[in-house]
């Protein structure tokens, strides 16, 4: 834990004009029951993103609601370079009506969801037709959008603005590499972005390494100037 203690000691002596805020979204909730529950239990301000048609998605979303955790639909979307698509996913080839029906079905399955982010989706989020259909449906639901930014060419935020859907984006992936040193490096990147810009959004996953790291670090952040908030707190409505 020396790395954590080092950056926290540094943070204690840094000053900022306004208190920076970070949001941490835990994606892929719904496939692994035990680790998903552990992620949900991490912190009251964690946001969880549930894959609607995953085996334990509905059950875990209900558990998150019981613990008053902010919940998102983690909607599967087609990605570049692969044909793999989770059940209940969308592609650019789907019609606007098909996409609307899929998104509405997701909200019926996870009725306490307040927003949506993409699971995979590099190919879909690059497509204006598909994202317009998603945003029009989110507008109906009075829900917001978080672009997971699985593609640098994503038009998600642009289309959200055009359709009046509140939105933000992911700035840091915490655990593309699932080891302590790498997660710590990414977490420091998150804090640096928040200090420079006032806020930052991270996405992690219910991996044992991520959960162990956050379980150790999040309580210590209370001694610093960094505030952890649900992702909706970083979106202008």
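The values are calculated or read from the model by the stated rules, or taken from the named source; none is laboratory data. Quantities reported herein were computed from a predicted structural model and do not represent experimental measurements. Cβ coordinates were reconstructed from backbone atoms using ideal geometry, including for glycine residues, and neighbour counts include every protein chain displayed.
Taking residues in segment 175-193 that are under 14 Å from residue 211 (Cα atoms), and partners anywhere that are part of a helix (DSSP H, G or I), the pairs with Cβ atoms closer than 6 Å and at least 6 places apart or on different chains are 175/183; 175/210; 178/209; 183/213; 184/3. Quick one: in segment 108-134, which of the residues that are under 17 Å from the mean Cα position of the chain (by Cα) and surrounded by fewer than 20 Cβ atoms within 10 Å (Cβ to Cβ) is nearest to residue 237 (Cα to Cα)? The qualifying residue nearest to residue 237 (Cα to Cα) is 114. Looking at 137, 168, just one residue is outside any helix (DSSP H, G or I), surrounded by 15 or more Cβ atoms within 10 Å (Cβ to Cβ), touching a residue at least 12 places away in the same chain (Cβ under 8 Å) and in contact with a helix residue (DSSP H, G or I) (Cβ under 7 Å, 6 or more places away or on another chain), and that residue is 168.
Here residue 210 fits the description: under 19 Å from residue 42 (Cβ atoms) and either in contact with a strand residue (DSSP E or B) (Cβ under 7 Å, 6 or more places away or on another chain) or surrounded by fewer than 17 Cβ atoms within 10 Å (Cβ to Cβ) (or both). Looking across segment 1-51 at every residue that is modelled with pLDDT of 95 or more and part of a helix (DSSP H, G or I), the one that is surrounded by the fewest Cβ atoms within 10 Å (Cβ to Cβ) is identified as 34.
Scan segment 150-165 for residues that are assigned to a loop (DSSP other than H, G, I, E, B) and surrounded by fewer than 22 Cβ atoms within 10 Å (Cβ to Cβ) and the total you get is 6. Look at (1) assigned to a helix (DSSP H, G or I); (2) more than 30 Å from residue 142 (Cβ to Cβ); (3) under 16 Å from the mean Cα position of the chain (by Cα) and you find that residue 190 fails only one, number (2). Residues in segment 91-134 that are in a loop (DSSP other than H, G, I, E, B) and within 11 Å of residue 73 (Cβ to Cβ): 110, 111, 112, 113, 114.
Among the residues in segment 203-223, are any more than 14 Å from residue 177 (Cα to Cα), under 16 Å from the mean Cα position of the chain (by Cα), at pLDDT 95 or above and in a strand (DSSP E or B)? Within segment 203-223, not a single residue is more than 14 Å from residue 177 (Cα to Cα), under 16 Å from the mean Cα position of the chain (by Cα), at pLDDT 95 or above and in a strand (DSSP E or B). So, in segment 61-81, of the ones that are over 14 Å from the mean Cα position of the chain (by Cα) and part of a loop (DSSP other than H, G, I, E, B), which residue ends up surrounded by the most Cβ atoms within 10 Å (Cβ to Cβ)? Across segment 61-81, the extreme among qualifying residues is 78.
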